[in-house]
Amino acid sequence: MKLNRESFLKKSLAFGSLISFTSIQKNLYAFGSEENKKHRENPIAYAESLGYKNPIDQILLTAILAPNSHNSQPWKFKKISDFEFYLFGDEKKQLPEIDPINRQFYHTQGCFLELCHLTADSLMFDTIIKLFPNGKPSPKTFSKLPIAKVTIQPKTKCVHDFIFSGVSQRRMNRSVYTGELLTNEELESLHSFAKPFRSQIQWTNDPIKLSTILPVLENAFAMETNRYVSNELNRKWFRLSETSMIENRDGLTLEANGLSGIKLWFAKKFFVDLSKEVWHSDDSKQAAIGMFSSQVHSAKALVFFISEGKDEETTWIETGRDFMRYTLSCAVKQIAFHTMNQAVEDYQESRVFTKQLKQILQLKPNQEIQLIARLGRSSYRFDSYRRDLKSFLI
């Protein structure tokens with residue numbers, strides 16, 4: 001039986017005294033398998049434990065930990081030799097409902113390539129990355145034309161990029177943040193440790209500016225939730241049960257959205273329903289908007305990744321590489337981050353909010369907001385699953 005929002009809240013209060021029961025306690029906290037934990041904590045050692053001794057395999061197994069939209073993991077690899085591979089986009093993992101020109105799809109490819117580069121660096125290899133070696137693919141030819149050719153070769157100089165040390169702690173954190181606003185010193189430290197950048201990075205921790213921007217982000221999320229095609233996309237990618245999470249090892253989850261404890265248990269038991277009728281009901285949509293509102297208004301700073309000039313596939317890949325570095329810097333500095341891009345997506349309804357943000361940030365006509373993330377503090381931890389490496393290989 002599924003409850004409406006009012007009944008759910010009443011039921012939550014009524015059952016509050018029962019949370020110590022063993023049958024409920026087993027489901028209270030966000031979980032992650034031991035294998036998933038090992039993969040995150042030390043991906044190189046984990047690769048070796050699985051029998052992957054070749055550096056290319058170790059690089060690939062680490063790089064699939066890169067951030068990606070909807071946890072869709074839209075990568076395919078074709079190994080050419082022990083020192084080279086092609087990166088392809090997985091055309092089946094495109095998200096045209098919210099990403100019609102594949103901007104975020106290419107951001108994700110950039111994240112992957114940067115983590116490849118950093119992993120190779122940690123293994124004493126330099127990387128040569130050639131984009132679009134056979135020409136740019138279209139949405140229908142991702143399986144035929146590689147996005148990049150990656151070659152590794154032994155280092156000639158013992159110089160390392162220490163930002164790789166953040167890999168074990170890097171994760172998207174969608175929980176409600178606590179504490180004071182991030183200081184200018186903290187934000188400058190994040191920026192400095194993550195450099196060099198190809199994009200322009202702007203941040204704000206100014207309360208007045210935040211009070212202007214945060215409602216725009218909230219309204220954009222509400223728009224996207226009330227937009228049937230994008231909300232239906234979320235339903236298709238949502239993994240509710242522990243079984244579906246482990247079987248698919250991808251997609252969206254309540255745990256990754258910052259729910260844990262009794263709230264998680266009640267949401268799974270009584271509230272969230274993946275049937276079309278319930279998922280698209282007003283109660284369900286308002287609950288999602290309410291959760292997002294709590295998240296966005298807990299932001300302790302915002303960061304914007306901005307390009308100037310050409311706004312095309314190479315730019316989007318470069319933005320992804322910058323974002324990968326920034327998230328690793330957040331991990332090292334113990335700062336939580338959460339991307340919120342509903343206001344800068346490439347469909348008509350979203351572009352209304354893009355225009356508002358560009359005016360607030362006083363951007364030039366040839367500047368584009370590529371990515372937005374909120375920053376803050378949170379001890380919440382949940383590691384989204386990744387598929388088996390073999391599923392990515394061509």
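Give the separation of the Cα centroids, the range 318-394 to the range 120-164, in Å.
Spelled out, the Cα-based centre of one part sits 22 Å from the other.
Going through the range 34-68, which trypsin sites (Lys or Arg not before Pro) have at most 14 other Cβ atoms within 10 Å and a DSSP loop state? All intermediate terms of the calculation are to be shown ahead of the outcome.
Working: sites: Lys37, Lys38, Arg40, Lys53; in loops: Lys53.
Listed in order of number, the matching sites are Lys53.
Within the range 91-198, report the GluC sites (Glu not before Pro) that DSSP leaves as loop and that have at most 14 other Cβ atoms within 10 Å. Could the numbers behind the result be given before it?
Numbers: sites: Glu91, Glu97, Glu114, Glu180, Glu185, Glu186, Glu188; in loops: Glu97, Glu180.
Qualifying residues, ordered by number: Glu180.
Classify the range 97-138 as rounded, prolate or oblate from the Cα gyration tensor: take a ≥ b ≥ c as the square roots of its eigenvalues, call it rounded if a/c is under 1.5, otherwise prolate when a/b beats b/c and oblate if not. Each step should come with its number before you reach the end.
Values: a/c = 6.25, a/b = 1.81, b/c = 3.45.
Here the range 97-138 falls in the oblate category.
Rounded to the nearest 20 Debye, what is the dipole magnitude of the range 237-294 about its Cα centre when Lys and Arg each give +1 and Asp and Glu each give -1 at the C-beta? If you can, show how the numbers build up before the last one.
Details: 7 positive and 8 negative charges, 22 e Å.
For the range 237-294, the charge dipole is close to 100 debye.
So how much slack lies between Ser275 and Glu48, counting 0.36 nm per residue of separation and subtracting their Cα-Cα distance, in nm? If you can, show how the numbers build up before the last one.
Values: separation 227, 0.36 × 227 = 81.72 nm, distance 4.16 nm.
Answer, rounded to one decimal: 77.6 nm.
Classify the range 70-212 as rounded, prolate or oblate, taking a ≥ b ≥ c as the square roots of the eigenvalues of its Cα gyration tensor: rounded when a/c is under 1.5, otherwise prolate if a/b is larger than b/c and oblate if not. Display every interim value, and only then the final one.
Working: a/c = 2.42, a/b = 1.33, b/c = 1.82.
The shape class here is oblate.
Which one, Ile372, Gly89, Tyr177, is farthest towards the positive end of the dipole of the chain when Lys and Arg carry +1 and Asp and Glu -1 on their Cβ?
Gly89
In a Debye calculation with equal point scatterers on the alpha-carbon sites of the range 170-376 and no solvent, what is log10 I(q)/I(0) at q = 0.11, 0.13, 0.16, 0.18 Å⁻¹?
-0.56, -0.78, -1.17, -1.41
Can you work out the FRET efficiency for the pair Glu35 and Thr243, with r the C-beta to C-beta distance and R0 = 22 Å, to the nearest 0.05?
Numbers: r = 16 Å, r/R0 = 0.72.
That pair, Glu35 with Thr243, gives E of 0.90.
Calculate the dipole size of the chain relative to its Cα centre from +1 charges on Lys and Arg beta carbons and -1 charges on Asp and Glu beta carbons; express the result in debye to the nearest 20.
Working: 53 positive and 44 negative charges, 101 e Å.
Taking the Cα centre of the chain as origin, the dipole is about 480 debye.
Which value in deg cm²/dmol, rounded to the nearest 500, describes the helix-derived mean residue ellipticity at 222 nm for the chain, given -39,500 (n - 2.57) per DSSP H run of n ≥ 4 and division by the residue count? Write down the numbers at each step before the final one.
Numbers: 15 runs with 166 residues, N = 394.
Result for the chain: -13000 deg cm²/dmol, rounded to the nearest 500.
Rounded to the nearest 20 debye, what is the charge dipole size of the range 34-168 about its Cα centre when +1 sits on each Lys and Arg Cβ and -1 on each Asp and Glu Cβ? Please report the intermediate quantities before stating the final value.
Details: 17 positive and 15 negative charges, 93 e Å.
The dipole magnitude comes to about 440 debye.
Bear in mind that the values in this text are calculations on the coordinates, not laboratory data. From a predicted model like this one, the values you see are computed outputs, not experimental measurements. A quick note on method: Cβ atoms are made from the backbone with ideal geometry, for glycine too, and the neighbour counts reach across all protein chains shown.
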